[in-house]
Amino acid sequence: MKKVYLFCNAGMSTSLLAGRMQKVADEHKLPIEVKAFSDSKMEEIVQEFNPDVILLGPQIKYRYEPTVEKYGHLGIPIEVINLEDYGNVDGERVLKKSIMLMKNKEK
């Protein structure tokens with residue numbers, strides 16, 4: 001099971017997007033778990049669950065560089081969610097982007 005974890009200020013605004021992403025994954029029978037968390041829990045979540053992709057909400061894009069510095073060496077793809085996709089709560093587009101990040105990692 002691949003793990004795609006979204007992080008934002010409180011984990012609330014990404015929860016809806018994560019739910020939509022999970023619904024798309026389930027509809028296509030993809031072995032992907034999508035969850036949303038507060039960025040204040042990022043360190044413990046990454047250490048405990050070792051996600052395959054880390055997605056940051058647009059409102060915490062300032063955390064992108066520090067996140068790459070901290071976890072980039074682990075080989076985990078890290079990306080800021082596209083603002084338009086985030087605003088539209090487009091679970092399918094964000095899930096597709098996540099899958100591409102995982103595939104590019106494997107190359």
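Are any residues in the range 44-69 touching a residue at least 24 places away in the same chain (Cβ under 8 Å) and farther than 26 Å from Val89 by Cβ, and if so, which ones? Correct list: Asn50 only. The set of residues in the range 6-26 being within 13 Å of the chain's Cα centre (by Cα), over 21 Å from Thr67 (Cβ atoms) and surrounded by 14 or more Cβ atoms within 10 Å (Cβ to Cβ) consists of Gly19, Arg20, Gln22. When the criteria are applied in full, Lys3 meets the requirement of being under 17 Å from Lys105 (Cβ atoms) and either out of contact with any Leu (no Cβ under 7 Å at 6 or more places or on another chain) or open to solvent by 20 Å² or more (accessible area, probe 1.4 Å) (or both). Annotation: of all residues in the range 49-78 being surrounded by fewer than 17 Cβ atoms within 10 Å (Cβ to Cβ) and of a type in the set (D, E, K, R), the one that is nearest to Asp26 (Cα to Cα) is Lys61.
Being surrounded by 15 or more Cβ atoms within 10 Å (Cβ to Cβ) and modelled with pLDDT of 95 or more is not true of Lys29. What do you reckon, is Glu84 assigned to a helix (DSSP H, G or I), open to solvent by 30 Å² or more (accessible area, probe 1.4 Å) and out of contact with any Gly (no Cβ under 7 Å at 6 or more places or on another chain)? Here the answer is yes, as Glu84 does meet what is asked.
The values are calculated or read from the model by the stated rules, or taken from the named source; none is laboratory data. It should be emphasised that the depicted structure is a prediction, and the values quoted were computed from it without experimental measurement. No Cβ is skipped: glycine too gets one built from the backbone with ideal geometry, and neighbour counts run over all protein chains shown. Calculation scope for accessible area: heavy atoms of the full protein, side chains included, ligands and nucleic acids excluded. Shrake-Rupley method; radii C 1.70, N 1.55, O 1.52, S 1.80 Å.
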